[in-house]
1. Just wondering, is there one or more residues in the stretch A:336-352 that are more than 30 Å from A:Ile277 (Cβ to Cβ) and under 24 Å from the mean Cα position of the chain (by Cα)?
2. Does B:Leu59 qualify as being surrounded by fewer than 20 Cβ atoms within 10 Å (Cβ to Cβ), within 7 Å of another protein chain (Cβ to nearest Cβ) and aliphatic (A, V, I, L, M)?
3. How many residues are at pLDDT below 90 and not in a helix (DSSP H, G or I) if we restrict to the stretch A:579-623?
4. Looking at (1) free of Cβ contacts under 8 Å to residues at least 24 places away in the same chain; (2) touching a helix residue (DSSP H, G or I) at 6+ places or on another chain (Cβ under 8 Å), which is the only condition A:Pro605 fails?
5. In the stretch A:72-87, is there at least one residue being in a loop (DSSP other than H, G, I, E, B), at positive phi and either open to solvent by 10 Å² or more (accessible area, probe 1.4 Å) or in the same structural domain as A:Val6 (by TED's automatic domain parsing) (or both)?
6. Only one of A:Ile196, A:Ile214, A:Ile180 is touching a helix residue (DSSP H, G or I) at 6+ places or on another chain (Cβ under 9 Å), free of Cβ contacts under 8 Å to residues at least 40 places away in the same chain and over 20 Å from A:Met249 (Cα atoms); which?
7. So which pairs qualify, if the first residue must be in the stretch A:543-563 and under 25 Å from A:Ala660 (Cβ atoms), the second must be open to solvent by less than 60 Å² (accessible area, probe 1.4 Å) and modelled with pLDDT under 90, the Cβ gap must be under 6 Å, and the two must be at least 6 apart or on different chains?
8. Please determine, by comparing only the residues of the stretch A:387-399 that are in a helix (DSSP H, G or I) and surrounded by fewer than 24 Cβ atoms within 10 Å (Cβ to Cβ), which one is nearest to the other protein chains (Cβ to nearest Cβ).
Amino acid sequence: MIFALVGNQNSGKTTLYNALTGSNRHVGNFPGVTVDSKAGEIRGAKGHFVVDLPGIYSIRPYSSEEIVTRDFIINEKPDGIINIADASNIERNLYLTLQLLELQIPTVLALNMMDEVRGNGGTIDIAAISKLLGIPVVPVSAVKNEGITELIKTAVDTARNRALPTVTDFCPSGPFHRCIHSVSHVVEDHAQRIGISRRYAVTKLIEGDDSGFIGRLGLSQNELELIEHSIVEMENERGLDRNAALADMRYSFIEDVCRLTVVKGRVSRERLRSEKIDRLLTNKTAALPIFFAVMVLIFWLTFGVIGSFLSDLMSRDIDLLASFVDRGLERYGMNPAVQSLVIDGIFAGVGSVVSFLPLIVVLFFFLSVLEDTGYMARVAFVMDKLLRGLGLSGRSFVPMIIGFGCSVPAIMATRTLSSERDRKMTILLTPFMSCSAKIPIYAVFSAAFFPGRSALVMTSLYIGGMFVGVLTAMLLNKTAFRGKPVPFVMELPNYRIPSFKSVVLLMWEKARDFLRKAFTVILLATIVIWFLGAFDSRLNFTENSQESLLAAIGRLIAPVFRPLGFGDWRIATSLIAGFSAKEAVVSTLGVLTGAGVSALDATLPGMFTTVSAVSFLVFTLLYTPCIAAVATIRRELRSRLETAAVVVGQCLIAWVCAYAVYTAGSLLR
Amino acid sequence: MTLDSMPIGKTAKIESVGGEGALRLRLLDMGLIPGTEVTVQKTAPLGDPLEISVRGYQLTIRKDDARLLSVREENK
């Protein structure tokens with residue numbers, strides 16, 4: 001049997017999912033399950049699976065998360081729903097529950113964080129609330145792993161007995177009741193025909209769902225008018241429009257349920273603690289400095305201390321292995337082309353994948369701590385005003401900052417953004433944040449053209465990248481992403497201590513995800529680049545990099561860069577090599593000039609003027625992200641076309657900016 | 001009076017919810033419906049958005065959106 005796990009954001013859904021599945025993280029390919037939702041076998045319940053759906057507050061078809069949830073439940077008809085609700089915030093959590101009840105699918109309510117409610121001296125009468133809602137209710141604590149076995153047993157029993165929710169009428173009398181009754185009468189046969197709960201169809205008709213659902217019901221014009229008539233009548237009687245009346249009906253029912261079953265304790269300890277923490281973290285003067293301090297610390301630990309240490313360690317091991325294999329192949333007398341494939345193609349590709357891995361793991365450790373403690377919501381709260389002009393919300397801030405370290409984890413981090421639109425836009429903007437792999441390029445060029453002023457050069461480049469990013473965002477906001485952004489009405493959950501298990505599982509998931517999806521792409525790309533570099537145009541293996549196919553392509557496209565002030569084929573070739581990894585730009589230039597990297601500050605002035613050097617730096621700052629980033633973008637955007645648009649778009653922007661800089665610079669001379 | 005002009009720390013009752021489309025539905029879904037009590041907790045360090053408390057939880061809402069909620073201050 002298949003269960004859908006549904007609940008509000010911040011209700012502890014992921015933690016419950018982890019508790020339900022334990023270590024059985026078998027991820028099945030269920031139809032209708034998007035890339036973002038996970039499915040796993042339930043612990044101790046062989047053959048029963050739970051699908052983790054996005055955290056939502058309502059089943060309206062307005063955000064992609066809501067649509068995913070609705071489509072899964074309506075189209076895939078899970079055998080049961082496990083609805084998780086935060087007992088310490090029960091009113092708003094039950095709002096979604098009522099909508100689930102209308103779907104007429106066996107449902108169990110898991111009341112999470114009951115320990116907190118009890119700890120504050122409150123109680124919830126489980127038997128009474130279960131009766132009033134017409135579904136089984138199980139108190140659990142997902143973090144402490146309490147009540148999980150009971151929940152699994154209840155869910156399986158309920159689904160096996162096809163025990164449908166018994167309460168679907170949330171207003172026993174009044175205008176709204178009459179309206180539901182008359183609409184229900186009209187729609188009954190139609191709903192039955194397409195196999196959808198009548199009560200759900202009624203709600204959708206009252207809401208005026210415009211996602212094509214109403215069309216499927218096949219109502220006649222006459223019937224539609226009849227329905228509209230009774231809705232308008234209800235609106236007049238209630239003095240509220242249909243949507244407000246609907247929300248009011250649900251919340252009134254919930255208030256009644258809570259009055260009968262919930263005994264509120266004293267002001268919750270967690271709330272008081274959160275207020276105290278917030279007094280510091282969202283303090284008028286301290287909030288921004290603290291946020292930047294936190295980011296600097298995470299950055300430093302990830303890219304400076306732990307991550308880079310592990311990266312170096314792993315790439316050293318790979319290098320050791322590579323040289324060992326290299327010697328072995330040499331001694332064996334292997335064909336030099338094959339030997340080169342193994343060492344410069346495969347090992348180099350594996351090496352570059354592996355060097356990203358520690359960064360991802362370490363960074364996601366910190367990010368999931370920030371997310372699970374509730375600090376990320378505060379970051380959005382604090383930063384919102386800054387990003388609003390770009391049509392984004394404060395939530396996009398953190399991924400973009402991570403982009404300064406490496407675009408790969410930054411793009412992966414956009415997964416926490418709840419709106420698809422914001423997510424896409426953030427992914428498109430992240431590559432404008434100059435990543436750390438470009439630093440060697442800046443360093444070499446600064447040394448050659450602006451000795452002693454490298455700090456100024458780098459700062460200007462970073463700011464320039466952000467500036468172009470902001471302009472692009474504003475342009476996108478007016479064109480491709482026109483239309484209403486998803487409303488920024490966001491819960492600020494109480495601060496909580498994150499569950500260690502959830503943090504570790506997320507790290508593991510991200511690492512596995514990256515290896516699985518990016519590995520082949522990166523490896524293939526490295527091998528292609530290797531092939532182009534190792535063979536000449538007659539497909540003879542060549543040790544002379546000047547004769548390689550890569551150089552031939554470089555010569556072919558070099559004219560494209562002539563208007564930017566650097567038409568030399570060696571420069572074009574190094575830029576192509578930079579696609580595999582940005583570090584390769586400098587090393588390729590070193591090889592092609594024949595003098596090596598260390599002599600570049602002497603050889604570069606022969607190839608560039610000061611102006612064309614600046615133009616080149618602007619181009620490298622902005623042109624296509626490396627193959628690892630592109631593979632990640634492809635994975636997150638789930639569209640080849642859009643990914644190609646990102647790559648081409650970045651190159652175009654880079655060309656135009658470099659051209660502008662070169663032209664302006666040449667005029668000033 | 002609208003919610004954005006409420007003084008910090010004061011509680012008010014919602015009289016009507018304006019706006020349209022996804023935003024309005026989101027406000028209603030979050031429990032901001034006529035008759036509900038809301039308390040303004042604080043403003044973000046940059047002056048916007050607001051933090052309000054409603055139905056026992058904390059919500060952040062931009063001032064532009066808060067303007068859509070007309071409220072009447074409660075004298076408590």
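The values are calculated or read from the model by the stated rules, or taken from the named source; none is laboratory data. Predicted model, so just to flag it, every value in this text is computed and none were measured. All Cβ positions, glycine included, derive from the backbone under ideal geometry; neighbour counts span all protein chains shown. Just so you know, the surface numbers come from the protein's heavy atoms only, side chains and all, with ligands and any DNA or RNA stripped out. Shrake-Rupley method; radii C 1.70, N 1.55, O 1.52, S 1.80 Å.
1. Our first condition is that a residue be more than 30 Å from A:Ile277 (Cβ to Cβ); within the stretch A:336-352, this holds for A:336-352.
If we keep only those that are under 24 Å from the mean Cα position of the chain (by Cα) as well, we get A:352.
Yes.
2. Values: surrounded by fewer than 20 Cβ atoms within 10 Å (Cβ to Cβ): no; within 7 Å of another protein chain (Cβ to nearest Cβ): yes; aliphatic (A, V, I, L, M): yes.
Taking the combined requirement at face value, the residue does not satisfy it.
3. Count: 7.
4. Going through (1) free of Cβ contacts under 8 Å to residues at least 24 places away in the same chain; (2) touching a helix residue (DSSP H, G or I) at 6+ places or on another chain (Cβ under 8 Å) one by one, A:Pro605 breaks only (1).
5. The first filter runs over the stretch A:72-87 and keeps only residues in a loop (DSSP other than H, G, I, E, B), leaving A:77-79.
Retained after the next criterion (residues that are at positive phi): A:77.
Applying the additional criterion that residues be either open to solvent by 10 Å² or more (accessible area, probe 1.4 Å) or in the same structural domain as A:Val6 (by TED's automatic domain parsing) (or both) yields A:77.
Within the stretch A:72-87, one or more residues are in a loop (DSSP other than H, G, I, E, B), at positive phi and either open to solvent by 10 Å² or more (accessible area, probe 1.4 Å) or in the same structural domain as A:Val6 (by TED's automatic domain parsing) (or both).
6. Values: A:Ile196 fails: free of Cβ contacts under 8 Å to residues at least 40 places away in the same chain; A:Ile180 fails: over 20 Å from A:Met249 (Cα atoms).
Just one listed residue meets the conditions, A:Ile214.
7. none
8. Going through the qualifying residues, I end up with A:Arg388.
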